[in-house]
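The values are calculated or read from the model by the stated rules, or taken from the named source; none is laboratory data. Being a predicted model, the structure only gives us computed values, none of them experimental. As a convention, Cβ positions derive from the backbone with ideal geometry for all residues, glycine included, and neighbour counts pool all protein chains shown.
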């Protein structure tokens, strides 16, 4: 079950990061379309904000995946590398 959780987490993060292409192709007005418009108009602050949002989303997904590891496999425990 651990590999399924890992791949699912990365697929969700990739899906959320690929929203720019999807919304641009199908002309949906969402955060991806907004980021594309910001890039076209050279709005650096908006592009950096979108990149920061995606990075935060990726970190959050990895945190949820790590927490799910402890729920699925009792041998895995949270605590950090230094013990």
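Overview of values
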{"read-out": "Checklist (1) at pLDDT 85 or above; (2) surrounded by fewer than 11 Cβ atoms within 10 Å (Cβ to Cβ) applied to residue 66, failing item", "value": "(2)"}
{"read-out": "Identity of the residue in region 29-54, out of contact with any helix residue (DSSP H, G or I) (no Cβ under 6 Å at 6 or more places or on another chain) and surrounded by 12 or more Cβ atoms within 10 Å (Cβ to Cβ), that ends up nearest to residue 73 (Cα to Cα)", "value": "53"}
